[in-house]
1. Would the stretch 6-28 turn up any residue that is more than 22 Å from M200 (Cα to Cα) and touching a residue at least 24 places away in the same chain (Cβ under 8 Å)?
2. Examine the stretch 123-132 for a residue that is part of a loop (DSSP other than H, G, I, E, B), under 30 Å from E216 (Cβ atoms), in contact with a helix residue (DSSP H, G or I) (Cβ under 7 Å, 6 or more places away or on another chain) and of a type outside the set (D, E), and state whether such a residue exists.
3. For M213, work out the one condition from (1) within 27 Å of M151 (Cβ to Cβ); (2) crowded, with 19+ Cβ neighbours inside 10 Å; (3) out of contact with any helix residue (DSSP H, G or I) (no Cβ under 6 Å at 6 or more places or on another chain); (4) not acidic (D, E) it doesn't fulfil.
4. Specify which of the listed residues (T119, T143, T135) is within 30 Å of F72 (Cα to Cα), surrounded by 14 or more Cβ atoms within 10 Å (Cβ to Cβ), of a type in the set (S, T, Y) and in contact (Cβ under 8 Å) with a residue 40 or more places away in the chain.
5. With the structure loaded, tell me whether I52 is more than 26 Å from the chain's Cα centre (by Cα), without any contact (Cβ under 8 Å) to a residue 24 or more places away in the chain and not in a helix (DSSP H, G or I) or whether it fails that test.
6. In the list F105, F127, which residue meets the criterion of being closer than 29 Å to T250 by Cβ and not polar (S, T, N, Q)?
7. In this structure, is L58 in a helix (DSSP H, G or I), of a type outside the set (V, I, T) and under 29 Å from R181 (Cβ atoms)?
8. Which of the residues that make up the stretch 82-100 are within 25 Å of the chain's Cα centre (by Cα) and either among the aliphatic types (A, V, I, L, M) or exposed (fewer than 12 other Cβ atoms within 10 Å of the Cβ) (or both)?
Amino acid sequence: MTKTKRNRILMYIVLIIVSLVSVFPLYWMLMAATNKSVDVSRGRLIPGTALIDNWKALFAQQPVQRAMVNSFKYAVILTLCALVICSLAGYGFEIYHDKHKDLVFSILLLAMMVPFVATIVPLFRMFSAAKLLDTTIAFILPTISTPFLIMMFRQNARAFPIDIIEAARIDGLNEVQIFFRMFIPTMRSTYAAAMTITFMNAWNNYLWPKVIMQGEESITMPMLVANLTEGYVTDYGVLMLAVLLCSLPTVIIFFLLQKSFAEGITGAVK
């Protein structure tokens with residue numbers, strides 16, 4: 001056996017081990033959702049017969065449909081708004097030249113160093129004074145534009161051919177038409193990556209909705225999962241079923257867009 005073949009075999013062994021370790025939490029969650037709480041506590045790793053009972057208990061204890069609808073509504077609205085705003089900002093920072101542009105962008109990047117928890121109190125006071133508690137605007141506004149997404153769109157805009165912009169201007173297109181008709185279709189892999197990141201962050205967001213959404217009608221899936229752990233006794237079978245339902249949308253979206261996600265992160269232009 002040659003050295004190259006041995007290295008390849010070793011590489012595959014390591015990859016298989018890492019893959020199994022990565023998949024194990026998902027497998028354990030699936031198995032736990034089908035078992036009773038006592039079996040989950042004992043570490044049972046085979047399918048059980050309590051899935052239907054856990055399902056009935058979950059829907060009896062928590063407003064799952066309302067939480068799912070709210071999470072989808074907030075995540076979709078936030079994702080669409082963030083894609084438009086951040087892509088416009090990233091495109092403008094790269095395409096339009098100004099001597100103060102880099103300074104403004106550097107200040108914008110400094111915001112990434114400020115933890116969100118440090119801004120919760122002033123944000124809550126501001127939205128409370130504006131009477132925007134328990135509203136969709138309160139959910140999406142603090143994260144509708146992020147320095148990370150703006151930086152990602154700016155970096156990917158550097159691969160956008162300037163000749164196309166100049167040719168479009170000669171043909172009579174204005175700047176808005178160039179952006180929507182030419183930039184967006186060309187950078188679709190970048191938009192797919194940004195959409196995946198934004199949707200997952202919005203869907204899994206717990207802290208800010210917990211602070212700003214004070215009514216039962218505004219509950220989201222992460223808040224619902226947290227509610228299941230607040231009692232004196234936790235039913236781990238029901239809890240794992242709720243975690244599974246909360247995880248499925250982001251898992252499905254990631255697998256559907258994983259190719260475009262990888263291309264967008266690496267800066268590929270179609």
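1. There is no residue in the stretch 6-28 that is more than 22 Å from M200 (Cα to Cα) and touching a residue at least 24 places away in the same chain (Cβ under 8 Å).
2. yes
3. Just one mismatch for M213, condition (1).
4. When all the criteria are applied, what remains is T143.
5. So I52 fails the test.
6. F127
7. Criteria not met by L58.
8. A82, L83, V84, I85, L88, A89
Each value in this text was obtained by applying a stated rule to the coordinates, not by laboratory testing. These numbers were taken from a predicted model, which means no experiment stands behind them. With ideal geometry, Cβ positions are generated from the backbone for all residues, glycine too; neighbour counts draw on all protein chains shown.
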